[in-house]
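For reference, the structure is listed below as structure tokens.
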Amino acid sequence: MRSYGLYANRHKIVTDVLMRANWAKRVLFLADRIALVNQAAGAFKEHLPDAAPVNLLTDRDTDGRVFVSTYGTMMGLIDQGGSTADDAGGGLRRFGPGYFDLIIVDEAHRSVYQKYGEIFSYFDSLLVGLTATPKDEIDHNTYSLFNLEDGVPTDSYELGQAIADKYLVPPVARPIALGFMNRGIRYADLSADERDQWDMLDWDDGLVPDAIDAAAVNK
């Protein structure tokens, strides 16, 4: 569950503080979905207009201090050309390894591994990851990406504290009837397509039943 107020402000606050402290001249914000990138671009334009935010999904040639992009778009820009502006050679990459001072990774538990992990090997910058569900699997370890001990984030904002601060409301449990989980399934109640799927299933002893009771469904 995400509070829009928290989402719209967290990356802006980090960027603002580091820019004011002269720790970051240029910032890259990465997300795995176009909607999140566009949302972040709007938040930066609203709260940090002097940073001249650039949405790389729609404008790849404009200069600014804050750039927002999906992983795929940034990978394409890194691969584009064979050298940076400081190197001799033919085509030039849009961004060299030292172009950004800070990279903010939204939903850092997703899409920061395998081929997209090359982004973080390529750029030499401060790295900040934001996520509500960090992972510690061997091949998808959010903590190792940021050189952290498993299960020990740099900082965390707990659900209880967010509720106390009135950013979120407490969850409310409601009983919901699951229909066929309680009633079972009757062949006569299925659609034509569902009956075709039913008939093609590998039933025990090759006998196609007319119904399955709730206990069998749960099993």
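Taken along the Cα-to-beta-carbon direction at a fixed 7 Å, the label points for L190 and N22 span 7.2 nm. Of V208, V37, V68, the residue with the greatest mean-square motion in the GNM of the chain, using alpha carbon springs below 10 Å, is V208. Across the cross-link table entries K166/K219; K115/K219; K12/K166, which are compared at the Cα atoms, the separations over 30 Å belong to K166/K219; K115/K219. Extending 7 Å from Cα along the Cβ direction at L127 and again at A214 yields two label points whose distance is 5.0 nm.
Pairs of C-alpha atoms in segment 98-208 farther apart than 17 Å represent 72 percent of all such pairs.
Its residues counted as N, the chain yields a C-alpha radius of gyration over 2.2 N^0.38 Å of 1.44. For the chain, the share of DSSP beta bridges that are antiparallel, to the nearest 5, is 15%.
Values in this text are rule-based calculations from the coordinates and carry no lab data. All of these numbers come straight from a predicted model, not from anything done at the bench. Reconstructed Cβ throughout: ideal geometry from the backbone, glycine too, with neighbour counts over all protein chains shown.
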